[in-house]
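Report on one structure; see the data block that follows.
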Amino acid sequence: MATKNMAKAQGKLCLVANSKVLAKTFSWKVLGVLTLFIVSYMLTGSPVASGTIALTYHLLNTVLYYLHEKAWEGHHPSVKAFLASLTSFILSTLLLVWLAFPTP
């Protein structure tokens, strides 16, 4: 009985300790989706298209974030891994700029 109560108390303590992180995570996610909706609406002028884009991004990004976290779980990146991540970030950003602003 005492073990059950202790486990229950530890679970509550863990939830309280993580509540700030969870609140920040949810508020950041809402801010990101709203920003995407607003930018999409400014570009398309369509609330339906903007909502579809924002919803699709929200769902895909949530799943991909989970898979990304699982892939990195227990992994201690080296300088080489950091440089590879940084390089892929820079290249993907440059690709998006090139697609968004094509030269005539």
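Can you pull out every residue in the range 36-70 that is within 16 Å of the chain's Cα centre (by Cα) and of a type outside the set (A, V, I, L, M)? Walk me through how you get there before you give the answer.
Filtering the range 36-70 down to residues within 16 Å of the chain's Cα centre (by Cα) leaves 36-37, 53-70.
Scanning the range 36-70 gives Phe37, Thr56, Tyr57, His58, Asn61, Thr62, Tyr65, Tyr66, His68, Glu69, Lys70.
Take the conditions touching a helix residue (DSSP H, G or I) at 6+ places or on another chain (Cβ under 7 Å), modelled with pLDDT of 90 or more, assigned to a helix (DSSP H, G or I) and closer than 25 Å to Ala100 by Cβ and apply them to Leu36. Does it pass? Spell out the reasoning first.
On the way: touching a helix residue (DSSP H, G or I) at 6+ places or on another chain (Cβ under 7 Å): yes; modelled with pLDDT of 90 or more: yes; assigned to a helix (DSSP H, G or I): yes; closer than 25 Å to Ala100 by Cβ: yes.
Criteria met by Leu36.
Does any residue in the range 18-43 that is closer than 12 Å to His58 by Cα come within less than 6 Å, Cβ to Cβ, of a residue that is at pLDDT below 90 and surrounded by 12 or more Cβ atoms within 10 Å (Cβ to Cβ) six or more places away or on a different chain, and which pairs are these?
Close Cβ pairs satisfying both conditions: none exist.
Conditions (1) of a type outside the set (A, V, I, L, M); (2) in a helix (DSSP H, G or I); (3) modelled with pLDDT under 95, marked per residue:
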{"residue": "Lys4", "(1), (2), (3)": "yes, yes, yes"}
{"residue": "Cys14", "(1), (2), (3)": "yes, yes, yes"}
{"residue": "Leu83", "(1), (2), (3)": "no, yes, yes"}
{"residue": "Val97", "(1), (2), (3)": "no, yes, yes"}
{"residue": "Pro104", "(1), (2), (3)": "yes, no, yes"}
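The values are calculated or read from the model by the stated rules, or taken from the named source; none is laboratory data. The model shown is predicted, which means the values in this text are computed figures rather than measured ones. As a convention, Cβ positions derive from the backbone with ideal geometry for all residues, glycine included, and neighbour counts pool all protein chains shown.
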